[in-house]
Amino acid sequence: MEKPMTDVSQSQEWLLLAEHFEQIRPIHLKQHFEEDPTRAESFTFEDCGWYVDLSKNLMDSTTLKLLLDLAKACKLSDAIEEMFSGQKINKTENRAVLHTALRNCSNTPVFVDGEDVMSLINSVISRMEKVAERIRSGKWRGYTGEKIKTVVNIGIGGSDLGPCMVYEALKHYSDRSLEARYVSNVDAAHLIEQISDLDAAETLFVVASKTFTTQETMTNAATARKWLTDQLGSEDAVRNHFIALSSNREKVVEFGIDPANMFEFWNWVGGRYSLTSAIGFSLLATLGKDIFKRLREGFHSVDLHFRNSPLERNIPVLMALMGIWYNNFFRTQTYAILPYSQYLHRLPAYLQQTDMESNGKSIDRSGQPVPFDTGPVIWGEPGTNGQHAFYQLIHQGTKLVPCDFIGFINPLAKSGDHHEKLMANFFAQQEALAFGKERSILEEEGIAEDQIPFRVFTGNRPSTCLLAEKLTPESLGSLIAFYEHKVFVQGVIWNIYSFDQWGVELGKQLSIKILDELKEGERDGLKHDGSTNAQIRHYLTNKIR
Ligand code: F6P
């Protein structure tokens, strides 16, 4: 196979886009809509339960064509096939990337090193379902014979954000017989606040860590074990109250968890893509196996769509191309995720890891510095809260912030006209951003001349609308998969490795040395830079012993 070009910004396709950018930049969205009355229909795509309207983006059909040409020049279709077929595309870790196999509900074979991984996946899921069912039905008993009432997931990053986000998102579907809590921060406050009102006899800890070496998780897990054994009076209690989700059997055993209570996943599942692996166990236990299955089906429908749809109608591809358009031509620095659903309040945080840990890279696949911007800063809050906090900047600030508005036609939580009000804001904000409010309208309204400049809305601020019928396990799975694949496509075009995360290592290494210094004091003198030395000394001097 022909190698992809190293510096895509030197390609003919990129240069044509740069030229086109200069032509289209002065055109206001208002003008785009006036000139093309069918624009909304032309740029709306429906599949996998989602209505995705791209028409309020700063582009036209030429832009889209040129962006698609760029994707083709980067051999995107080949790259998609390489991922799905289990090739070792995570080259810096020499691993396949097969989160798509985890939710491959069609069960078609998927091979890694000549082995069909579907039987591995299915057997772990079926073991997880059985154990989750025993917990849910009360057959699983704690050390003192009590039923489990609370599942505490201890993990961080991909071993926390995904399950926590989905648990919050799908709470409505829970029969509330079992509660999940999530502990991630090594700050003891997190663990203490989450468990201090619990009865150890009715609590199950799920230690979720791919490596089973992550400092935060192992520290929290050890403290949780001590809390539990102190309360229940025996080390033997660990067996009834600890489950491990990991790919490191040896470390699980070393920690003292019975391998019979371990659910494994594999090195071809990246942490931030592990939600539908064993890492989702807390969801199976609290929401039940049907909901977990429906979630996986939602993911799978987008996987099929992504693999099989032509690039021109491929929703994650189009989302990725819009992102590249803003990032590399408008030179925007950030991207806002604005879910109009309180249930999705953890979605922006979850997508921060998906996107920023994947595409926050500055070295290309040949080891050279990337000569253009890669992954944006991802941020957001649920609407309408964001409206009363940072929308001012999006409407009238000096920065262009592309936004995704995520909404649902029917509410899960019904009460009076709350939902109509929520969705009226959802539509209104996108309209306001795109079309603004001109001086002439303010004049007609009789606004005083000296007030007018402050009240003008320039508009021409882009947004994408993602609208589904209802927040369901399926629509949520599909939504997450749209973003996962969007990030993948961008990584292919930027020619960076999206599936490693070397950038998290240095801080971890330095903290090990500093931890020693904080515990032991300044024995052999501090050998950091002046600022770090001074900070540590200030800490040591003022610490209450
Ligand atoms: O430090 C980053 C990271 O490696 C993430 O990629 C991962 O999701 C998280 O830490 C947790 O890792 P583990 O599941 O191995 O504890």
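Couple of notes before you dig in:
- So GLY138, is it on the phi > 0 side of the Ramachandran plot and either within 22 Å of the chain's Cα centre (by Cα) or open to solvent by less than 60 Å² (accessible area, probe 1.4 Å) (or both): yes
One line per residue, one yes/no per condition, for (1) assigned to a strand (DSSP E or B); (2) more than 16 Å from the ligand (Cβ to nearest atom); (3) of a type in the set (Val, Ile, Thr); (4) crowded, with 22+ Cβ neighbours inside 10 Å:
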{"site": "ASN153", "(1), (2), (3), (4)": "yes, no, no, yes"}
{"site": "PRO163", "(1), (2), (3), (4)": "no, no, no, yes"}
{"site": "TYR167", "(1), (2), (3), (4)": "no, yes, no, yes"}
{"site": "ASP175", "(1), (2), (3), (4)": "no, yes, no, no"}
{"site": "ASN185", "(1), (2), (3), (4)": "no, no, no, no"}
{"site": "LEU191", "(1), (2), (3), (4)": "no, no, no, yes"}
{"site": "GLN194", "(1), (2), (3), (4)": "no, yes, no, no"}
{"site": "VAL207", "(1), (2), (3), (4)": "yes, no, yes, yes"}
{"site": "THR213", "(1), (2), (3), (4)": "no, no, yes, no"}
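- Scanning segment 256-281 for residues being within 22 Å of MET165 (Cβ to Cβ) and within 14 Å of the ligand (Cβ to nearest atom) gives a total of 14.
- Top-ranked residue of segment 276-291 - restricted to ones that are touching a residue at least 60 places away in the same chain (Cβ under 8 Å) and surrounded by fewer than 24 Cβ atoms within 10 Å (Cβ to Cβ), ranked as farthest from ARG134 (Cα to Cα): ILE291
- Which listed residue is buried (at least 22 other Cβ atoms within 10 Å of the Cβ) and either more than 16 Å from the ligand (Cβ to nearest atom) or within 19 Å of MET423 (Cα to Cα) (or both), from GLY375, GLY383, GLY367: GLY383
- Check on ILE257, farther than 27 Å from ASP355 by Cα, open to solvent by less than 40 Å² (accessible area, probe 1.4 Å) and either outside any loop (DSSP other than H, G, I, E, B) or without any contact (Cβ under 8 Å) to a residue 60 or more places away in the chain (or both): yes
- The residues of segment 324-364 that are more than 16 Å from the ligand (Cβ to nearest atom), hydrophobic (A, V, I, L, M, F, W, C) and either open to solvent by 10 Å² or more (accessible area, probe 1.4 Å) or touching a Leu at 6+ places or on another chain (Cβ under 9 Å) (or both), listed by number, are ILE324, TRP325, PHE329, PHE330, ILE337, LEU344, LEU347, ILE363.
- The single residue among LYS88, LYS130 that is assigned to a loop (DSSP other than H, G, I, E, B) and either open to solvent by less than 20 Å² (accessible area, probe 1.4 Å) or more than 16 Å from the ligand (Cβ to nearest atom) (or both) turns out to be LYS88.
So that you can scan it fast, the table gives a plain yes or no per residue for (1) open to solvent by 10 Å² or more (accessible area, probe 1.4 Å); (2) more than 24 Å from ILE480 (Cβ to Cβ); (3) under 23 Å from the mean Cα position of the chain (by Cα); (4) not acidic (Asp, Glu):
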{"site": "ASP60", "(1), (2), (3), (4)": "yes, yes, no, no"}
{"site": "LEU64", "(1), (2), (3), (4)": "yes, yes, no, yes"}
{"site": "LYS72", "(1), (2), (3), (4)": "yes, yes, no, yes"}
{"site": "GLU82", "(1), (2), (3), (4)": "yes, no, yes, no"}
{"site": "GLU93", "(1), (2), (3), (4)": "yes, no, yes, no"}
{"site": "LEU102", "(1), (2), (3), (4)": "no, no, yes, yes"}
{"site": "ASP113", "(1), (2), (3), (4)": "yes, yes, no, no"}
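- Filter result for LEU433 (of a type in the set (A, V, I, L, M) and buried (at least 21 other Cβ atoms within 10 Å of the Cβ)): yes
- Cβ-Cβ distances below 8 Å connect the following pairs, each with a first residue in segment 346-372 that is of a type in the set (A, V, I, L, M), a second residue that is within 15 Å of the ligand (Cβ to nearest atom), and a separation of six or more residues or different chains: LEU347/MET165; ALA349/LEU161; ALA349/MET165; MET356/GLY375; VAL370/LYS361.
- In segment 386-406, the residue that is surrounded by the fewest Cβ atoms within 10 Å (Cβ to Cβ) out of those that are in contact (Cβ under 8 Å) with a residue 60 or more places away in the chain and aliphatic (A, V, I, L, M) is LEU400.
- Among the helices (runs of 4 or more DSSP H) confined to segment 411-458, the ones with at least 3 residues that are touching a helix residue (DSSP H, G or I) at 6+ places or on another chain (Cβ under 8 Å) are located at 418-435, 439-444.
- Scanning segment 219-239 turns up no residue that is away from the ligand (no atom under 13 Å from the Cβ), in contact (Cβ under 8 Å) with a residue 40 or more places away in the chain and within 26 Å of TRP268 (Cα to Cα).
- Checking SER478, SER498 one by one, the residue that is hydroxyl-bearing (Ser, Thr, Tyr), closer than 25 Å to GLU41 by Cα and surrounded by 22 or more Cβ atoms within 10 Å (Cβ to Cβ) is SER478 and no other.
- Residue match in segment 171-180 (condition: over 15 Å from VAL269 (Cβ atoms), free of Cβ contacts under 8 Å to residues at least 60 places away in the same chain, aromatic (Phe, Trp, Tyr) and in contact with a Gly (Cβ under 9 Å, 6 or more places away or on another chain)): no
Conditions (1) closer than 24 Å to LEU98 by Cβ; (2) more than 19 Å from the chain's Cα centre (by Cα); (3) in a helix (DSSP H, G or I), marked per residue:
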site	(1), (2), (3)
ARG225	no, yes, yes
LEU228	no, yes, yes
ALA237	no, yes, yes
GLU250	yes, yes, yes
ARG272	yes, no, yes
PHE281	yes, no, yes
THR286	no, yes, yes
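- Within segment 473-524, the residues that satisfy the criterion of being of a type in the set (Phe, Trp, Tyr), within 14 Å of the ligand (Cβ to nearest atom) and under 30 Å from CYS48 (Cα atoms) are TYR497, PHE499.
- In segment 407-430, the residues that are open to solvent by 20 Å² or more (accessible area, probe 1.4 Å) and under 21 Å from PHE457 (Cβ atoms): ALA424, ASN425, PHE427, ALA428, GLN429
- Boolean, SER511 is closer than 30 Å to HIS99 by Cβ and either outside any helix (DSSP H, G or I) or β-branched (Val, Ile, Thr) (or both): no
The values are calculated or read from the model by the stated rules, or taken from the named source; none is laboratory data. Treat the numbers as computed from the prediction; the structure is a model and nothing was measured. Reconstructed Cβ throughout: ideal geometry from the backbone, glycine too, with neighbour counts over all protein chains shown. Note: areas computed on protein heavy atoms with side chains; ligands, DNA, RNA excluded. Shrake-Rupley method; radii C 1.70, N 1.55, O 1.52, S 1.80 Å.
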